[in-house]
Amino acid sequence: MSASHAKRLATAAVLTAIVVAALFAGGPFIFAAVVTFSMLGLWEFYALFWPTGRFTFFRILGLAMGAALLAAAFGGRPHAALALLVAAFWLTGVGYTVAFAQAARNAGETPKAFSAAMVTVTGLIYVPGMLQFFVTMSPAETAMVLLTTFASDTGAYYAGNLIGGRKLWPAVSPKKTWAGSFGGLGAAVAACLLVGGVWGAASWWAWIVLGVLLSVAGQIGDLVESALKRSLDVKDSGCLLPGHGGILDRIDGLLLAAPVYALARTVHVFF
């Protein structure tokens, strides 16, 4: 086993232990875990665009509004969470307007200030806006989404490395293959069937469909982050997780899988 692979497994083990502990503790501990991962992921997202610490106002505003959004979701106030996103848009608009006025006097970089405003709001939607669905789920639902998404990611990783073959989308992610994609799909369906057989209340076919949906969502989330990093000429979103890169590199699939499950459970009862 290579040293990098050993680091990857060790990091995965530590993350799994943290998640399992939070799930067993429940309630506020799940909320605390979601807030922690959201803030770290959001910080990495902003750092992709502002690696030198620029636009401090927008960074602080984004983190503060992200934490408030999660608190609103945890308190069962979805309208307040939506209002916070609207408020974030207008507050960043005010920040841009101030920057525009300064640029008009000093011939500054007005387009970059506008980009900073849009990055702030996009980051809020992309990270805490997606992860906030976890604070409305039961521990069993959370465990199922996490297990299925991570199974998809792991299955894709090993199937792609062992089988190789035709590339899935080389312009976006040169290492991903069709074999890996189908391997991830199979692993996700197996994980969903396992959870459904033990704790679920839905029929077997519903768990198969859900496994497919979560795997596809997770893989799309992974590809979106890959495209983002390639457009910014960045290999990893960060270096916090040895063998994995950054927090965003680990949760990119969850950022789409969580809302997909939140939508699916409004159509069909799984637990």
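Selection over region 162-189 of residues that are over 22 Å from the mean Cα position of the chain (by Cα) and of a type in the set (Gly, Ala, Ser) gives a count of 3. The residues on offer are ASP222, ASP252, ASP236, and the sole one that is charged (D, E, K, R) and either farther than 23 Å from ALA143 by Cβ or in contact with a Cys (Cβ under 9 Å, 6 or more places away or on another chain) (or both) is ASP236. Set side by side, the residues ALA33, ALA13, ALA17, ALA47 differ, and just one is more than 25 Å from VAL86 (Cβ to Cβ), of a type outside the set (Val, Ile, Thr) and surrounded by 20 or more Cβ atoms within 10 Å (Cβ to Cβ), which is ALA33. Quick one: would you say GLY76 is closer than 30 Å to CYS192 by Cβ and small (Gly, Ala, Ser)? Criteria met by GLY76.
Applying the condition of being part of a loop (DSSP other than H, G, I, E, B) and surrounded by 15 or more Cβ atoms within 10 Å (Cβ to Cβ) to region 244-270 and asking which residue is modelled with the lowest pLDDT yields HIS244.
Looking at the structure I just gave you, is SER152 closer than 30 Å to LEU9 by Cβ and either in contact with a Lys or Arg (Cβ under 6 Å, 6 or more places away or on another chain) or buried (at least 21 other Cβ atoms within 10 Å of the Cβ) (or both)?
Numbers: closer than 30 Å to LEU9 by Cβ: yes; either in contact with a Lys or Arg (Cβ under 6 Å, 6 or more places away or on another chain) or buried (at least 21 other Cβ atoms within 10 Å of the Cβ) (or both): yes.
Yes.
Note on region 57-70: among residues that are among the hydrophobic types (A, V, I, L, M, F, W, C) and touching a residue at least 40 places away in the same chain (Cβ under 8 Å), the one that is surrounded by the fewest Cβ atoms within 10 Å (Cβ to Cβ) is ALA67. Count of region 218-239 residues, restricted to those that are farther than 20 Å from LEU168 by Cβ and surrounded by fewer than 18 Cβ atoms within 10 Å (Cβ to Cβ), is 4.
Within the option set ALA73, ALA47, ALA13, ALA81, being touching a residue at least 24 places away in the same chain (Cβ under 8 Å), assigned to a helix (DSSP H, G or I) and within 19 Å of ASP252 (Cα to Cα) holds for one residue only, ALA47.
Conditions tested, residue by residue: (1) under 21 Å from the mean Cα position of the chain (by Cα); (2) under 30 Å from ALA202 (Cβ atoms).
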| site | (1), (2) |
| --- | --- |
| PHE55 | no, no |
| ALA67 | yes, no |
| ALA73 | yes, yes |
| GLY95 | no, no |
| PHE100 | no, no |
| ALA103 | no, no |
| ALA140 | yes, yes |
| ALA143 | yes, yes |
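Do you know which residues across region 169-184 are in contact (Cβ under 8 Å) with a residue 24 or more places away in the chain, closer than 19 Å to ASP249 by Cα and not in a loop (DSSP other than H, G, I, E, B)?
First pass over region 169-184, keeping only residues in contact (Cβ under 8 Å) with a residue 24 or more places away in the chain: 169, 172-173, 176, 180-181, 183-184.
Pick out the ones that are also closer than 19 Å to ASP249 by Cα and you get 169, 172-173, 176, 180-181, 184.
Once the filter is applied, which keeps residues that are in contact (Cβ under 8 Å) with a residue 24 or more places away in the chain, closer than 19 Å to ASP249 by Cα and not in a loop (DSSP other than H, G, I, E, B), region 169-184 yields TRP169, SER173, LYS176, GLY180, SER181, GLY184.
In the set ALA159, ALA206, ALA143, ALA116, which member is crowded, with 16+ Cβ neighbours inside 10 Å, on the phi < 0 side of the Ramachandran plot, assigned to a helix (DSSP H, G or I) and without any contact (Cβ under 8 Å) to a residue 60 or more places away in the chain? I'd like the intermediate steps shown before the answer.
Numbers: ALA206 fails: without any contact (Cβ under 8 Å) to a residue 60 or more places away in the chain; ALA143 fails: without any contact (Cβ under 8 Å) to a residue 60 or more places away in the chain; ALA116 fails: without any contact (Cβ under 8 Å) to a residue 60 or more places away in the chain.
The unique qualifying residue is ALA159.
The values are calculated or read from the model by the stated rules, or taken from the named source; none is laboratory data. Nothing here was measured: the structure is a model prediction, and the numbers come from that model. So basically every Cβ, Gly included, is an ideal-geometry build from the backbone, and we count neighbours across all protein chains shown.
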